[in-house]
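Okay, handing you the structure first.
Any read-out appearing in this document is the output of simple, stated calculations on the displayed coordinates, not a laboratory observation. Since the structure is predicted, the reported quantities are computational estimates derived from the model, not experimental observations. With ideal geometry, Cβ positions are generated from the backbone for all residues, glycine too; neighbour counts draw on all protein chains shown.
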Amino acid sequence: MTTATLAGPRKVHVPLGERAYDVLIGGDLIASAGEEVAARLGRRRAMIVTDDVVAPLHLGALSAALADAGIAAVHHIVRHGEGSKSLEVLARTVEAILDAGLERRDVVIALGGGVVGDLAGFAAAVARRGMPFVQVPTTLLAQVDSSVGGKTGVNAPQGKNLVGAFHQPSLVIADTATLSTLPERHRRAGYAECVKVGLLGDAAFFDRLEALGARALTERIDEAVATAVAAKAAIVVADEREHGQRALLNLGHTFAHAVEHCAGYDGRVVHGEAVGLGLALAFRLSARLGLCPTADAARVEAHLAAVGLPMRFSDLLVDLTAAGLRAAMAQDKKVEDGVVRFILVNRIGDAFVSSSVTPDALSAFLVDEGLPAP
Ligand code: NAD
């Protein structure tokens, strides 16, 4: 992975052979998005997919930048929120691309958070059997995590992200100035994915974030996004289709997905908040199993709490039970032969995949974490 700090944006190159692409990170990058897209994909036509919150804030600037570079763009606006990651909204998005008369080499651009990126990326993967796709992530979560790596998809009634495809973007433009309009709750949620990168493989990065305390949410954000993107890109390049190492990116996510599933994706818990709690749980479970120092679990919890992330089940406005969470975990994509795989830790910066957490040990842990058993 090469990471370049130019006079302008930071650039992380993701070397995936013929699917290689750049991630540009910096302030006010939307203004030059048209030039960057045209330089890589030519002056093709574009469909911008965005949501009804982001559209009034950033769609005008992106459309103007594309027009300046001679790219004719139409747009498709979906309702904000996880509910738009559905097969119904996917179908309408693909139809919008086809109705607009876009050809196979035209480009689909996702402007928004992880919901829009996952939806638009999947639409680009299947429309005309695959169209080029550009990510313009506008949440911290999407900038540090979901816009890089090529996982796209929607949710099914049976569970989250169960229908999807690997489809790498041709370019990612992470304009950190767009974060100025992002509500603090979503900034915190995205920050959980940023911290995750340090916790799973880069202790020095966690040390730097920890030293900033709550200021890490706003200070040195370009640097944090670039570090997180470079770390994610390295893992993706080593294991594009998640046969091994990429699973480490799921640190905290077995718990998080189960919490989200039980909460019903109704906005009471957003993904990154569930991830924040999931990170603390992964460390506490590892400490309980004697794998990781309790002092590390305490440091993780202290830092995440300092930025305002939920650290206990009781911090959530959701009624959960140990049995309900276990049932949700059994639906997780990471289940193999009926065994739930957890990402556990030896210490901060050293995570590994474990299939050895028994159902009884898990139940006892969840009850000790304050959940009723049935
Ligand atoms: P989101 O896309 O729902 O965005 C959060 C909210 O912020 C939305 O209401 C959105 O309208 C609003 N918003 C977005 N940008 C804004 C801005 N600049 N100013 C003001 N408001 C803004 O949620 P998210 O947290 O970005 O993404 C969560 C999704 O990402 C989940 O569906 C999760 O499964 C997915 N995800 C995917 C991957 C992957 O590898 N593909 C990785 C992690 C998460």
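Ranked from highest to lowest mean number of other Cβ atoms within 10 Å per residue, what is the order of the peptides 86-92, 10-16? The partial results should precede the final answer.
Details: 86-92: 15.4, 10-16: 18.9.
Result, highest mean Cβ count within 10 Å first: 10-16, 86-92.
List the residues, sorted by chain then number, that are 5 or more residues from ASN161 or on another chain and whose placed amide H is less than 5 Å from its amide H.
ASN155, ALA156
What are the semi-axes of the equivalent ellipsoid of region 113-180, taken as the square roots of 5 times the eigenvalues of the Cα gyration tensor, listed largest first and rounded to whole Å?
Values: eigenvalues 82, 44, 13 Å².
Calculated on Cα positions only, the semi-axes equal 20, 15, 8 Å.
What residues from region 168-196 fall in the zone where the backbone N is under 13 Å from a label point 7 Å along the Cα-to-C-beta line of LEU16?
168-172
In Å³ and rounded to a whole number, note down the convex hull volume per residue for the Cα atoms of region 36-95. List each step's numbers first, then the result.
On the way: hull volume 5.3 nm³, N = 60.
Taking the convex hull of the Cα positions in region 36-95, it is 89 Å³ per residue.
Measure nothing fancy, just the Cα-based angle from helix 203-212's long axis to the longest principal axis of the chain, in degrees from 0 to 90, nearest 10.
Rounded to the nearest ten degrees, it is 90.
Sort the following peptides by mean Cβ neighbour count (other Cβ atoms within 10 Å, averaged over residues), highest first: 139-146, 51-58. Each step should come with its number before you reach the end.
On the way: 139-146: 28.8, 51-58: 17.8.
The peptides rank, most packed first, as 139-146, 51-58.
Here is a follow-up. What is the log10 of I(q)/I(0) for region 191-368, computed with the Debye formula using one identical point scatterer on each Cα and no solvent, at q = 0.10, 0.11, 0.14, 0.15 Å⁻¹?
Results for region 191-368 at q = 0.10, 0.11, 0.14, 0.15 Å⁻¹ read -0.36, -0.43, -0.72, -0.84.
Also, I was wondering about something else. Order the peptides 110-119, 126-135, 252-261, 233-242 from the highest to the lowest mean number of other Cβ atoms within 10 Å of their residues.
On the way: 110-119: 28.6, 126-135: 20.0, 252-261: 25.4, 233-242: 17.5.
Packing order, densest peptide first, comes out as 110-119, 252-261, 126-135, 233-242.
Report the Stokes-Einstein translational diffusion coefficient (µm² s⁻¹, integer) for region 2-181, Rh taken as the Kirkwood radius over Cα pairs, at 10 °C with viscosity 1.306 mPa s.
Calculated translational D: 101 µm²/s.
Restricting to the chain, what percent of DSSP beta bridges are antiparallel, rounded to 5? List each step's numbers first, then the result.
Working: 20 of 43 bridges.
Bridges in the chain that DSSP calls antiparallel: roughly 45 percent.
Can you give the calculated 222 nm mean residue ellipticity of the chain, where each DSSP H run of n ≥ 4 adds -39,500 (n - 2.57) and the sum is split over every residue, rounded to the nearest 500 deg cm²/dmol? Each step should come with its number before you reach the end.
Values: 12 runs with 151 residues, N = 374.
The per-residue figure over the chain is -12500 deg cm²/dmol.
Can I ask one more? Report the semi-axes of the equivalent ellipsoid for region 151-252 in whole Å, largest first, where each axis is √(5λ) for an eigenvalue λ of the Cα gyration tensor.
Values: eigenvalues 120, 62, 40 Å².
The three semi-axes for region 151-252 are 25, 18, 14 Å.
Checking the a/c ratio against 1.5 first, then a/b against b/c, what shape does the Cα gyration tensor give for the chain?
It comes out prolate by the Cα gyration axes.
Using a ≥ b ≥ c from the Cα gyration tensor of region 27-126 (square roots of the eigenvalues), is it rounded, prolate or oblate, where a/c under 1.5 gives rounded and otherwise the larger of a/b and b/c decides, a/b for prolate? Don't jump to the answer; show the numbers that get you there.
Numbers: a/c = 2.03, a/b = 1.30, b/c = 1.56.
The shape class here is oblate.
Using only Cα atoms, tell me the angle between helix 87-99 and the longest principal axis of the chain; keep it within 0 to 90° and round to the nearest 10.
Helix 87-99 sits at roughly 10 degrees to that axis.
On full extension of the chain, what length is gained from THR294 through ASP207, given 0.36 nm per residue of separation minus the C-alpha to C-alpha distance?
On the way: separation 87, 0.36 × 87 = 31.32 nm, distance 1.68 nm.
Gain in length upon complete extension: 29.6 nm.
Can you give the charge dipole size of the chain about its Cα centre, rounded to the nearest 20 debye, using +1 on the beta carbon of Lys and Arg and -1 on the beta carbon of Asp and Glu?
Numbers: 36 positive and 42 negative charges, 97 e Å.
Computed charge dipole of the chain: roughly 460 debye.
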